[in-house]
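Written below as structure tokens is the structure these notes are about.
The values are calculated or read from the model by the stated rules, or taken from the named source; none is laboratory data. Here the structure is a predicted model, which is why all the values come from computation and not from measurement. Positions of Cβ are backbone-derived with ideal geometry, glycine not excepted, and every protein chain shown enters the neighbour counts. The accessibility values were calculated without ligands, DNA or RNA, using every heavy atom of the protein model including side chains. Shrake-Rupley method; radii C 1.70, N 1.55, O 1.52, S 1.80 Å.
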Amino acid sequence: MSIKVRIIHLWKPLSFEKSKEDITIEMVFMEEKNGKIQATVKKSLIKQFVRLHTEHQLIVITNFGVTQNNKNFITTQLPYMINFILSTVANDYKDELLIPLY
């Protein structure tokens, strides 16, 4: 399964123990039908997805997990979130008109 999304918000929480070390990459995606879903990249996969660094970036993601959103901060109305896993692939997508900026 794959989905086309725009990163509408992205942040990297820092570790309290080790300053300047990212512990995750947190994102909010908007998909083609203007639905929003939260997504996360765990610390062990940050280097694999380091190029996901700009808001408004359009990407196609495949091979991802969907789990219950049990985060302390829930940014969308959906009770689920996307988890990037070892086999997840995220490629740039070029159709700027497909998904609005906001």
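Rundown of residues vs (1) of a type in the set (Gly, Ala, Ser); (2) touching a strand residue (DSSP E or B) at 6+ places or on another chain (Cβ under 9 Å); (3) closer than 18 Å to Leu101 by Cα, yes/no style:
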| residue | (1), (2), (3) |
| --- | --- |
| Lys12 | no, yes, no |
| Thr24 | no, yes, no |
| Asn34 | no, no, yes |
| Ala39 | yes, yes, yes |
| Lys42 | no, yes, no |
| Leu45 | no, yes, no |
| His56 | no, yes, yes |
| Thr62 | no, yes, no |
| Gln68 | no, yes, no |
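When Asn91 is tested against (1) open to solvent by 60 Å² or more (accessible area, probe 1.4 Å); (2) within 13 Å of the chain's Cα centre (by Cα); (3) closer than 20 Å to Ile23 by Cα, only condition (3) is not met.
Residue check: is Ile37 outside any loop (DSSP other than H, G, I, E, B) and either touching a Phe, Trp or Tyr at 6+ places or on another chain (Cβ under 6 Å) or modelled with pLDDT of 90 or more (or both)? Give the derivation first.
On the way: outside any loop (DSSP other than H, G, I, E, B): yes; either touching a Phe, Trp or Tyr at 6+ places or on another chain (Cβ under 6 Å) or modelled with pLDDT of 90 or more (or both): yes.
So Ile37 fits the description; yes.
Taking Asn83 as the residue in question, decide whether it is within 15 Å of Val5 (Cβ to Cβ), under 11 Å from the mean Cα position of the chain (by Cα), surrounded by 13 or more Cβ atoms within 10 Å (Cβ to Cβ) and among the polar types (S, T, N, Q). Taking the combined requirement at face value, the residue satisfies it. Of everything in the range 50-70 that is at pLDDT below 90 and among the hydrophobic types (A, V, I, L, M, F, W, C), the residue that is farthest from Val5 (Cα to Cα) is Val50.
Yes or no: Tyr93 touching a Lys or Arg at 6+ places or on another chain (Cβ under 7 Å) and not aliphatic (A, V, I, L, M)? Don't jump to the end; show me each part of the working.
On the way: touching a Lys or Arg at 6+ places or on another chain (Cβ under 7 Å): yes; not aliphatic (A, V, I, L, M): yes.
Criteria met by Tyr93.
Of everything listed in (1) over 18 Å from Trp11 (Cα atoms); (2) open to solvent by 60 Å² or more (accessible area, probe 1.4 Å); (3) not aromatic (Phe, Trp, Tyr), the single unmet condition for Thr75 is (1). Here Gln68 meets the list (1) surrounded by 12 or more Cβ atoms within 10 Å (Cβ to Cβ); (2) free of Cβ contacts under 8 Å to residues at least 40 places away in the same chain almost entirely, failing just condition (1).
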